[in-house]
Structures are given as C-alpha cells and as structure tokens.
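Written below as structure tokens is the structure these notes are about.
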Amino acid sequence: QVQFAESGGGLVQPGGSLRLSCAASRSDFKLDAMGWYREAPGKQREMVAVISNKWPTTYADSVKGRFTISGDITKNTVYLQLNNLKPEDTAVYYCNRHPPNSRFWGQGTQVTVSS
C-alpha cells in the first residue's frame, strides 16, 4: 500500500505559473510510471501527464506545450510545472501510479486560475 501527497497548488492569474510536487509515502514501492490527474467541478477525473521509465512522456492535448512533468520514478517523486495557466485548468490535481490505483489517491492540491 502507498499513499501520495500533493502540494504546490494555489490561486494564480491567467498566464501565471505553478509547480506541483508529489511524493509517495514509501520509496520502496516500485513503480514503472507515475502520472498527474485532475478533477474539475462537475467533470470526471482526467489524465494530465504521465512519466515512465519504459515509455515516452505523455500529455493530454489540452496541456501540451504548457505543462511539463518531471521526477524520479525510482524515488516515487514527481513534479508538474504549469505554465501559461488558463481558467479551464482550474481543478484539484492528484498524482498516482499510472494506470491509477483507486486505493492510492491522496487529497490532491487545488489549482485555481482566476483574475
């Protein structure tokens, strides 16, 4: 069993930037891939970006060119750099293994983009 803890969210104006961080409760829990996901009000949780030591980094079309995922899979640590934020990026952001395991969801971190 492992839990993920996210941090770094906040309120930012359109065009602004944030850097989200995620760490797992255990570093000995071996993962092949980790991802960032988000859930906006009234919408389903969706994949934002995935980083793996086995396949190329993947991004949702809506964030390509604006968000960058990085981290160390071997240490179960992942980051998400959010640039040129838009109001539609407002959501709670979560990290998890990829594909996600429902038992591993953390509390998430709120990102609000508003002027």
Please work out the C-alpha center-to-center distance from the range 9-28 to the range 46-114 and express it in whole Å.
9
Evaluate the charge dipole of the range 11-69 about its Cα centre and quote only its size in Debye, nearest 20, assuming +1 on the Cβ of each Lys and Arg and -1 on the Cβ of each Asp and Glu.
60
Please report the carbon-and-sulfur percent of the accessible area for the chain; probe 1.4 Å, protein heavy atoms only, DNA, RNA and ligands left out.
48
For K54, list the aspartates and glutamates whose Cα falls under 17 Å from its own Cα; do not include residues on the same chain fewer than 8 positions away.
D32, D72
Using only alpha carbon pairs under 8 Å that are at least six residues apart, calculate the relative contact order of the chain and give it in whole percent.
38
One would report the Cα pair-distance distribution of the chain, bin width 5 Å, in %, as 2, 13, 25, 26, 19, 10, 4, 1, 0
Long-range amide H partners of G106, meaning residues 5 or more apart or on another chain whose placed amide H is closer than 5 Å, are F4, C95
Heavy-atom accessible area per residue, the range 1-114, 1.4 Å probe: how many Å²?
52
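The values are calculated or read from the model by the stated rules, or taken from the named source; none is laboratory data. Owing to the predicted nature of the structure, the values given are computational and were not obtained by experimental measurement. All Cβ positions, even for glycine, are placed from backbone atoms using ideal geometry, and neighbour counts span all protein chains on display. Keep in mind that these areas ignore ligands, DNA and RNA; they rest on the heavy atoms of the full protein, side chains included. Shrake-Rupley method; radii C 1.70, N 1.55, O 1.52, S 1.80 Å.
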